[in-house]
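Below you'll find the structure, written out as structure tokens, and then a few comments.
The values are calculated or read from the model by the stated rules, or taken from the named source; none is laboratory data. Since we're looking at a predicted model, the values are computed, not measured. Cβ placement follows ideal geometry from the backbone for every residue including glycine, while neighbour counts extend to all protein chains displayed.
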Amino acid sequence: MSVDHEEWKKSKVQLEAEIAEFEREKEEIKALIGNIGGKSYSKRDNVINIVFLAIIIILFVLEITTHWLPAFISLEISVLLVSIKIVWMIHSQHKYNHFIFWILNTIEFRVNDVGKKVKKIERLMNEVERR
């Protein structure tokens, strides 16, 4: 019986180590997600938005006041800039979604692995209780 009790203690220590590893990985994932949606990303996004908006406003003001460019060319350039901005936003969202999918897939794999180990430990505990 002492052998089974020792195996149970070893399993318990191993499970506690895996839980600690899971907690460490969870904190690491939180940090990674924070970096993706963090302030540096927002600053870059704001700068790009301001640049696009400034170019469109400048074209609009120049077209109204000086007629430097024909109206259709100014309008076409503005539509092009807005289209580029939309494509850039879609691309950024795609990268973010891909990363989140990767993280969730990794978490699912780890949860399934821990679930298998818990079932194995339960079977061992049931065997110990039967003896």
Filtering region 106-116 for residues that are polar (S, T, N, Q) and more than 12 Å from I29 (Cβ to Cβ) leaves a count of 1
Taking the condition in a helix (DSSP H, G or I) and at pLDDT 90 or above, does N112 pass?
yes
Of L124, L69, L80, L104, which residue is surrounded by 13 or more Cβ atoms within 10 Å (Cβ to Cβ) and part of a helix (DSSP H, G or I)?
L124
With the requirement that a residue be surrounded by 13 or more Cβ atoms within 10 Å (Cβ to Cβ) and either free of Cβ contacts under 8 Å to residues at least 12 places away in the same chain or under 23 Å from E7 (Cβ atoms) (or both), what does region 107-117 give you?
V114, K117
Test of understanding: among K85, K95, which residue is within 30 Å of R110 (Cβ to Cβ), modelled with pLDDT of 80 or more and among the charged types (D, E, K, R)?
K95
